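Peer 1: Before anything else, here's the structure in question.
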Amino acid sequence: MPIRVLVADDQAIVRMGVTMLVNSSDDFEVVGEAGDGAEALALATMHQPDIVLMDLNMPGMDGIEATGRLMQMPEPPKVLMLSVFDTDTRVLATLHAGACGFLLKDLKPDELFAALHSVAAGCRVIAPDVMASLVRRAADQTPIRVNGAAEKLSLLSQGERKVLALVGAGMTNAQIARSLCLSGASVKTYVSRTLAKLGLDNRTQAALIAYDMGLVSPGPTDEVQR
């Protein structure tokens, strides 16, 4: 059964191109096209797509507000933002609103297909340039803590390193539990213990360490170094 996709973009020619591309694969089916955030909400309620490919900057209700409202649905779709590069603040607002990822419109067709598959599987997908910018932002905010944590990385067990890598890949505790065949409580313990050993305060700092130490490499989909 194909993955059901809703395309939301205020530019008709872009919307048409994305729709044709997505429909060219037997793995996907576009079930609706929206020209703004409000229409995306209405069509998502009507068609119940698995994924919404959402443009960030649209007139009226933009992609961030539309994403937040979609997350309030009883069974919300996954949202993958597809846009030109924006400020770090706007990208973070997108992710905080509930989007599973942020891709740039200059991506290749196979990268889009890979991203859609990853998002459908519950993973987070962030374009390499966007991820690099977010990592630099985090590094500028906490350079001393990050440098100190890197020196302590050898203190981690193999299991803790695996969990740290998946945190860096943007996975939630539930997704990590499924990936490693662990209970949610075990993953929570792993994460807490890892943060404590590295002297970190939160998952954002842990994700920065994972990237900085090569445990996960940014790409159209995050690749964990196992």
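The values are calculated or read from the model by the stated rules, or taken from the named source; none is laboratory data. Remember, predicted model here, so these are calculated numbers, not experimental data. Glycine also receives a Cβ, built like all others from the backbone with ideal geometry; neighbour counts cover every protein chain displayed.
Peer 1: Going through the range 188-211 one residue at a time, which ones are free of Cβ contacts under 8 Å to residues at least 12 places away in the same chain and assigned to a helix (DSSP H, G or I)? Write out each step before concluding.
Peer 2: Applying the first criterion (free of Cβ contacts under 8 Å to residues at least 12 places away in the same chain) to the range 188-211 yields 189, 192, 195-196, 202.
Selection gives T189, S192, L195, A196.
Peer 1: Something else: Please work out which one of (1) closer than 25 Å to I51 by Cβ; (2) at pLDDT below 80 is the condition E151 fails and give its number.
Peer 2: (1)
Peer 1: When the range 29-70 is examined, which residues are found to be farther than 18 Å from I13 by Cα and assigned to a strand (DSSP E or B)?
Peer 2: Result: E29, I51.
Peer 1: Here is a list of conditions, (1) closer than 14 Å to A127 by Cα; (2) at pLDDT below 90, and H96 meets all of them except one; can you say which number that is?
Peer 2: H96 satisfies all of (1) closer than 14 Å to A127 by Cα; (2) at pLDDT below 90 except (1).
Peer 1: Continuing with the same structure: Being modelled with pLDDT of 95 or more and closer than 24 Å to L92 by Cα narrows it down to one residue among L43, L53, L21; which is it? Quick ask: steps written out before the conclusion?
Peer 2: On the way: L43 fails: closer than 24 Å to L92 by Cα; L21 fails: closer than 24 Å to L92 by Cα.
Checking each option against the conditions leaves just L53.
Peer 1: Considering only the range 49-59, I want to know if a residue exists there that is surrounded by 15 or more Cβ atoms within 10 Å (Cβ to Cβ), farther than 16 Å from V130 by Cα and of a type in the set (D, E, K, R). Can you show your working first?
Peer 2: Start the filter on the range 49-59 by keeping residues that are surrounded by 15 or more Cβ atoms within 10 Å (Cβ to Cβ), which leaves 49-56, 58.
Of the ones still in play, those that are also farther than 16 Å from V130 by Cα are 49-54, 58.
Narrowing further to those that are of a type in the set (D, E, K, R): 50.
Yes, because at least one residue in the range 49-59 is surrounded by 15 or more Cβ atoms within 10 Å (Cβ to Cβ), farther than 16 Å from V130 by Cα and of a type in the set (D, E, K, R).
Peer 1: Is the range 87-101 home to any residue that is in a loop (DSSP other than H, G, I, E, B), outside the structural domain of G168 (by TED's automatic domain parsing) and exposed (fewer than 14 other Cβ atoms within 10 Å of the Cβ)? Full working, then the answer.
Peer 2: Applying the first criterion (in a loop (DSSP other than H, G, I, E, B)) to the range 87-101 yields 87, 98-100.
The next check asks that each one be outside the structural domain of G168 (by TED's automatic domain parsing); those that pass are 87, 98-100.
Next, from what is left, pick out any that are exposed (fewer than 14 other Cβ atoms within 10 Å of the Cβ): 87.
Yes, the range 87-101 has at least one match.
Peer 1: Can you tell me which residue is surrounded by the fewest Cβ atoms within 10 Å (Cβ to Cβ) among those in the range 17-39 that are touching a residue at least 12 places away in the same chain (Cβ under 8 Å) and among the aliphatic types (A, V, I, L, M)?
Peer 2: Filtering first and then ranking leaves L21.
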